[in-house]
Amino acid sequence: MRIDRINLYSAQLPVKGGVYRMASADVEALDSTLVEIVTDDGFAGWGETCPIGPVYQPHHALGARAAIAEIAPGLIGSEIASIRLLAKQMDECLNGHGYAKAAFDMAFLDLLGQKLGVPVSTLLGGALTDRVPAYYSLIVGPPDETARIAADKVTAGYPRLQVKIGGRNLEEDVAVIHKVWEAVGYKARIAVDGNRGLTVASAIHLDRLCQAIPFVFEQPCNTMDEIATLKGRVTHPVYLDESTEDQNAVLRAISLGIADGFGFKVTRLGGLSKMTTVRDLCAIRSLPHSCDDAWGGDIIAAACVHLAATVEPRRMEGAWIAQEYIKGHFDAKNPVVIRQGHIAVPQRPGLGVKPEPGMLGKPVAIY
Ligand code: 0XW
Ligand code: MG
């Protein structure tokens with residue numbers, strides 16, 4: 001099974017409802033990048049990377065495609081057998097750019113799974129469940145409306161809610177947290193996500209003003225150093241998300257003892273294969289985490305769910321997929337869907353999803 005051709009596609013994903021609002025940015029449409037690896041024995045493997053705009057992380061759509069252009073020619077003719085060898089080959093073509101390499105890593109695993117007749121979750125060590133919990137992300141919004149949506153989502157079956165805050169006055173952020181708690185109470189676990197938007201001082205005030213509400217405080221401040229200063233000064237558990245830019249950042253946060261859990265994103269960490277390492281580090285220290293990505297269609301959704309299925313359920317914070325905020329699916333026959341707040345793990349070989357032929361239009365590049 002050798003790589004014969006690589007097709008590169010771009011897909012526009014408008015945000016359902018108009019805008020997705022976070023402290024760090026408002027986004028209205030996302031530009032997703034997909035790779036299709038075609039092999040000499042007639043298989044096609046898919047990968048995807050979809051930064052949520054150019055300012056959320058040091059990632060952007062054109063950057064992903066430029067990195068792929070640097071790597072793809074060097075992969076033609078390679079055998080799909082050892083994922084580690086393929087990773088080494090990618091590193092020999094381009095330093096860094098894990099979020100672009102992640103799309104290839106997904107496609108390699110998709111191909112290997114199809115060839116061996118096993119789902120990707122098996123290649124990642126094996127599934128512990130056939131259904132993973134999802135969580136709903138409530139965008140930065142007015143307190144009453146946010147609380148109403150929160151209650152609806154709990155009724156719909158979501159076991160966890162993420163409440164976005166930041167980028168506005170403290171009073172509104174505190175009010176939103178109280179209102180959501182009054183609306184859902186213990187019926188859902190709550191994460192309050194600052195998306196890097198608070199100062200250390202605001203984070204400390206918010207923590208005290210919401211003292212009795214059990215939530216985890218996700219990425220309140222911009223840098224890992226700022227977050228490190230919160231240790232011992234806030235009472236809510238602190239989770240890192242955007243600061244964990246690579247495996248080393250995760251290792252550092254765990255060894256410094258400054259993270260009580262994580263929001264992990266598959267592409268940011270360099271792909272599913274690299275995610276298995278941080279998954280296992282978290283297992284050693286009993287640290288909970290999610291399995292998310294910044295955005296994306298069915299390919300990224302499937303990747304997150306396969307990985308989530310391999311995490312010990314008591315530490316699984318949920319898989320976030322963009323389904324609630326995008327229209328339709330790349331794979332209408334076998335879509336990755338949230339039902340009653342949970343997602344069935346694809347059981348077909350490989351990722352178990354394929355964009356319908358022709359739906360992505362012509363490739364933007366062929367290697
Ligand atoms: C909820 N998410 C996983 C989706 C958006 O990219 C933001 C992100 C987060 O937790 O920050
Ligand atoms: Mg987050």
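The values are calculated or read from the model by the stated rules, or taken from the named source; none is laboratory data. Small disclaimer: the values here were computed from a predicted structure and weren't measured. No Cβ is skipped: glycine too gets one built from the backbone with ideal geometry, and neighbour counts run over all protein chains shown. With ligands, DNA and RNA removed, areas are computed over all heavy atoms of the protein, side chains included. Shrake-Rupley method; radii C 1.70, N 1.55, O 1.52, S 1.80 Å.
Observations on the model:
- Selection within segment 71-86 - part of a helix (DSSP H, G or I) and either in contact (Cβ under 8 Å) with a residue 60 or more places away in the chain or over 20 Å from Leu8 (Cα atoms) (or both): Ala72, Pro73, Leu75, Ile83, Arg84, Leu85
To keep it simple, each residue is scored yes or no on (1) of a type in the set (Lys, Arg); (2) free of Cβ contacts under 8 Å to residues at least 12 places away in the same chain; (3) farther than 14 Å from His97 by Cα.
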{"residue": "Val35", "(1), (2), (3)": "no, no, yes"}
{"residue": "Trp46", "(1), (2), (3)": "no, no, yes"}
{"residue": "Gly53", "(1), (2), (3)": "no, no, yes"}
{"residue": "Gln57", "(1), (2), (3)": "no, no, no"}
{"residue": "Arg65", "(1), (2), (3)": "yes, no, no"}
{"residue": "Ala69", "(1), (2), (3)": "no, no, no"}
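- Test result for Glu245, within 14 Å of ligand 1 (Cβ to nearest atom) and either aromatic (Phe, Trp, Tyr) or at pLDDT 95 or above (or both): yes
- Here Lys265 meets each of (1) among the basic types (Lys, Arg); (2) within 16 Å of ligand 2 (Cβ to nearest atom); (3) touching a Pro at 6+ places or on another chain (Cβ under 7 Å) with one exception, condition (3).
- Residue among Ala127, Ala150, Ala107, Ala102 that alone is under 22 Å from the mean Cα position of the chain (by Cα), under 18 Å from Ala301 (Cα atoms), within 16 Å of ligand 1 (Cβ to nearest atom) and surrounded by 15 or more Cβ atoms within 10 Å (Cβ to Cβ): Ala102
- When Glu28, Glu70, Glu36 are checked against the criterion of being under 20 Å from Val120 (Cβ atoms) and among the charged types (D, E, K, R), a single residue qualifies: Glu36.
- Of the residues making up segment 190-216, just one is among the basic types (Lys, Arg) and within 14 Å of ligand 1 (Cβ to nearest atom), namely Arg196.
- Subset of segment 208-220 (residues that are more than 19 Å from the chain's Cα centre (by Cα) and surrounded by 19 or more Cβ atoms within 10 Å (Cβ to Cβ)): Cys210, Phe215
- Every residue from segment 228-257 that is within 16 Å of ligand 2 (Cβ to nearest atom) and closer than 21 Å to Cys291 by Cβ: Pro237, Val238, Tyr239, Leu240, Asp241, Glu242, Ser243, Thr244, Glu245, Ala249, Val250, Ala253
- Segment 14-25 residues that are more than 13 Å from Gly141 (Cα to Cα) and free of Cβ contacts under 8 Å to residues at least 40 places away in the same chain, paired with ones that are open to solvent by 40 Å² or more (accessible area, probe 1.4 Å) and away from ligand 2 (no atom under 12 Å from the Cβ) (beta carbon under 8 Å, 6 or more apart): Gly18/Glu28; Ala25/Val55
- For segment 231-250, the condition of being open to solvent by 40 Å² or more (accessible area, probe 1.4 Å) and of a type in the set (Gly, Ala, Ser) holds for at least one residue.
- Of the numbered criteria (1) more than 16 Å from ligand 1 (Cβ to nearest atom); (2) closer than 20 Å to Gly96 by Cβ; (3) open to solvent by 10 Å² or more (accessible area, probe 1.4 Å); (4) not hydrophobic (A, V, I, L, M, F, W, C), the one Lys265 fails is (1).
- In segment 285-340, the residue that is nearest to the chain's Cα centre (by Cα) out of those that are closer than 26 Å to Asp260 by Cβ and among the basic types (Lys, Arg) is Arg315.
- Selection from segment 276-321 of residues that are within 10 Å of ligand 1 (Cβ to nearest atom) and of a type in the set (Ser, Thr, Tyr): Ser290
- Residue under evaluation Val35, criteria (1) crowded, with 22+ Cβ neighbours inside 10 Å; (2) closer than 30 Å to Val163 by Cα; (3) in contact with a helix residue (DSSP H, G or I) (Cβ under 6 Å, 6 or more places away or on another chain), criterion not met: (2)
- Residues that are of a type in the set (A, V, I, L, M), in contact (Cβ under 8 Å) with a residue 12 or more places away in the chain and assigned to a loop (DSSP other than H, G, I, E, B), drawn from segment 211-239: Ile213, Leu230, Val234
- Of the residues making up segment 47-70, those that are in a helix (DSSP H, G or I) and either of a type in the set (Gly, Ala, Ser) or within 14 Å of ligand 1 (Cβ to nearest atom) (or both) number 6.
- Test set (1) surrounded by fewer than 18 Cβ atoms within 10 Å (Cβ to Cβ); (2) in contact with a Leu (Cβ under 8 Å, 6 or more places away or on another chain); (3) not aromatic (Phe, Trp, Tyr) - Met275 fails condition number: (1)
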